[in-house]
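The values are calculated or read from the model by the stated rules, or taken from the named source; none is laboratory data. Every value quoted in this text rests on a predicted model; they were computed, and no experiment measured them. Here the Cβ positions follow ideal geometry from the backbone for every residue, glycine too, while neighbour counts run over all protein chains shown. Side chains are part of the model used for accessible areas, which takes the heavy atoms of the whole protein and leaves out ligands, DNA and RNA. Shrake-Rupley method; radii C 1.70, N 1.55, O 1.52, S 1.80 Å.
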Amino acid sequence: MENNSLLRTDKELAELYQRHADLVYRLCYLYLKHPVDAEDAVQSVFLKLIKSQMVFHDREHEKAWLTVTTRNYCKDVLKHWWRTRRVALDALPEVSSWNGDEPSGKVLARLLSLPEKYKTVLYLYYFEEYSVKEISEMLGRNESTIQTQLARGRKRLKIDLGGNCFEQ
C-alpha cells in the first residue's frame with residue numbers, strides 16, 4: 001500500500017467512516033428508499049473503499065469518490081432481479097433521526113418521488129452543496145444538462161408542494 005494513502009490504519013479508516021457515513025447513508029436512502037437496504041449499501045460502499053486501497057488527494061476527493069461509488073452501487077442494486085420481485089415499503093424514516101437542517105417530511109417525500117435524474121441533482125446541489133460544475137463532473141453529464149435538471153426538478157417540487165420551494 002502506498003505511503004501517502006489515507007487508508008493505512010484502522011484509526012484512519014474509522015475517521016473516514018465517521019466523516020462520510022451520514023452522507024453515504026442519505027444517498028443510499030435517497031435511491032433505495034428503505035432504511036435497512038440503505039444500511040446494507042453503506043456497508044458495501046465502505047467495504048469497496050477498503051478493498052480499493054484508493055489514494056485521495058484531499059477530503060473533497062474522498063467525498064466525491066464516495067458519492068459516485070454510492071450512486072453506482074445503488075443503481076446496481078436497483079437493477080438486480082431480486083429487487084424487482086419484492087414489495088417496496090413506502091415508510092419514510094423519522095425526520096428527527098436525520099442530522100442537520102433536513103427538509104420536512106413532506107418535502108423529503110416529494111423529493112424521493114421525483115425521477116432519479118432530478119432527485120439526485122437536487123440533493124447534491126442543495127443538501128451536499130456541490131456546484132453545478134462539480135455535479136456535472138461526478139455524474140458525467142454536461143453542466144447545461146445539470147442546470148436544466150435542477151430547474152425542472154425545482155419546478156416539479158414547487159408544483160407538488162403548491163408553493164415556492166428551493167427558489168434562488
| message | Which residues among region 110-136 fall inside the zone where the amide N is under 17 Å from a point 7 Å beyond the Cα of Glu143, along Cα→Cβ? | response | 125, 130-136
| field | 29 Å Cα-Cα threshold exceeded, pairs from Lys48/Lys155; Lys48/Lys106; Lys63/Lys119; Lys11/Lys117; Lys11/Lys48; Lys11/Lys119 | value | Lys48/Lys155; Lys48/Lys106; Lys11/Lys117; Lys11/Lys119
| Exposure ranking of Leu108, Leu13, Leu47 by accessible area [1.4 Å probe, largest first] | Leu47, Leu13, Leu108
| field | Exposure of His34 as accessible area (Å², to 10), given a probe of 1.4 Å and all protein chains | value | 30
